[in-house]
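Shown next, in structure tokens, is the structure this report addresses.
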Amino acid sequence: MQEKVNTLVKNATEKIEKANNLNELNDLRVKYLGKKGEITSLLKSLSSVSKEERPKMGKLLNEKRNEIEKLLKQKTQVINEQKVEQKIKEETIDVTANRNKYTQGHLNLINETMRQLEELFLNMGFDIVSGPEIDTVENCFDDLNSPKNHPSRDLTDTFYLDKNVVLRPHTSSVQIRVMKEGNLPIRMVSAGRTFRNDEVDDTHSPMFHQMECLVVDENVSLANLKDTINIFIKNMFGEEIKTRFRPHYFPFTEPSLEVDVTCPICKGKGCSACNNTGWSMELLGAGMVHPNVLENCGIDSEKYTGFAFGMGVDRIAMVKYGLDDIRLLYDNDKRFLEQF
Ligand code: PHE
């Protein structure tokens, strides 16, 4: 019997050593220590051992049993540790995984258009200036030579925060700020939000965007104004696009003009987008800076002349991207935005 026990333990030790996983170990536990296991059946067969031998053999079997138990326990621990290590190896974080899960967005068309315009003017040697969205009545109207009874001053047109402070109804207030700083010559553009008490429809929004342009120097002429506008329109919309200058009135420029461009959809032939006129809706107001405005800002109007224009950025974006409703720019509908 002694020999039997020794071979059994030897086999068991080898098999446990070789086991690769918890299932195999469990099978071995059943094989040796289970109810019908080999050690168990040896223990049962003790009755056939002589009385003298029995206690000795019993003790030995119990010892061996504990030994196998211990081996199983140790091996279980080893396998569990290997499992953890394996897991750590397999679960290293791949920082490049799922890289297509979030696609990159882009600027809203308004901001995109403002950046394009700014870059264009920057390349022509203009400075980019920013001005506040809340400004004084003095900067928005008085110093711009606006008569006290001008309709744009009305509550129905301009949002007043108090008697002397408004949400700027145009970016022309930035002209005044820059001229008052007094660093001549001036070549600047300034884009940003503007506000008017307008009902929302397909071409109007109470909050919209403008870009102002101002040049003040000696010998600045209307020809310079037309040339600058033509260059920027062709750069923005394409060489084939023509401009049309119509006489207009603004308190702060003399003479004053409004500028249209050929409809970029039909290229001037006439279509439903331009009401068959061949011309897009008016894009900008322009003119030679009124001498009163120069003087209001402390600039000698005998020595200096200037031109200015202000354009609707939203309208530029609408013409450029062929939109028939300004609200598309503000709805934030992904289905629309993703097309660009
Ligand atoms: N401020 C004018 C407007 O909002 C546009 C303009 C700017 C006209 C500069 C002339 C010169 O309509």
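Taken together, the values in this text are just the output of simple stated rules run on the coordinates, not laboratory data. None of the values given here were measured: they were computed from a predicted structure. Quick reminder, even Gly has a Cβ in these numbers, built from the backbone with ideal geometry, and neighbours come from all protein chains shown.
Couple of notes before you dig in:
- Screening the candidates Q104, Q77 for the property of being exposed (fewer than 12 other Cβ atoms within 10 Å of the Cβ) and within 30 Å of D325 (Cβ to Cβ) yields one hit, Q104.
- Residue selected from the range 253-303 under the condition within 14 Å of the ligand (Cβ to nearest atom), without any contact (Cβ under 8 Å) to a residue 40 or more places away in the chain and more than 38 Å from the chain's Cα centre (by Cα), by the criterion surrounded by the most Cβ atoms within 10 Å (Cβ to Cβ): S256
- Residue in the range 42-63 that is free of Cβ contacts under 8 Å to residues at least 24 places away in the same chain and more than 19 Å from Q2 (Cα to Cα) present: no
- Residue list for the range 251-269, filter: outside any loop (DSSP other than H, G, I, E, B) and either in contact with an Asp or Glu (Cβ under 9 Å, 6 or more places away or on another chain) or acidic (D, E) (or both): E254, E258, V259, D260, T262
- The condition of being in contact with a strand residue (DSSP E or B) (Cβ under 8 Å, 6 or more places away or on another chain), charged (D, E, K, R) and more than 12 Å from the ligand (Cβ to nearest atom) holds for only one of D217, D202, that being D217.
- Residue list for the range 107-125, restricted to those being part of a helix (DSSP H, G or I) and either closer than 17 Å to I326 by Cβ or touching a helix residue (DSSP H, G or I) at 6+ places or on another chain (Cβ under 8 Å) (or both): L109, I110, N111, E112, T113, M114, Q116, L117, L120, F121
- Yes/no for I241 being on the phi < 0 side of the Ramachandran plot, touching a strand residue (DSSP E or B) at 6+ places or on another chain (Cβ under 8 Å) and either away from the ligand (no atom under 14 Å from the Cβ) or in a helix (DSSP H, G or I) (or both): yes
- Restricting attention to the range 309-335, the residues that are of a type in the set (D, E), over 19 Å from the mean Cα position of the chain (by Cα) and farther than 30 Å from H290 by Cα add up to 2.
- Of all residues in the range 1-57, those being more than 60 Å from the chain's Cα centre (by Cα) and assigned to a loop (DSSP other than H, G, I, E, B) number 9.
- The set of residues in the range 143-171 being out of contact with any Phe, Trp or Tyr (no Cβ under 8 Å at 6 or more places or on another chain), within 23 Å of H290 (Cβ to Cβ) and either without any contact (Cβ under 8 Å) to a residue 24 or more places away in the chain or away from the ligand (no atom under 16 Å from the Cβ) (or both) consists of K148, N149, P151, D154, N164.
- Within the option set P291, P264, being touching a strand residue (DSSP E or B) at 6+ places or on another chain (Cβ under 9 Å) and farther than 15 Å from T228 by Cα holds for one residue only, P291.
- Residues of the range 304-322 that turn out to be under 29 Å from P206 (Cβ atoms) and away from the ligand (no atom under 13 Å from the Cβ), as a count: 7
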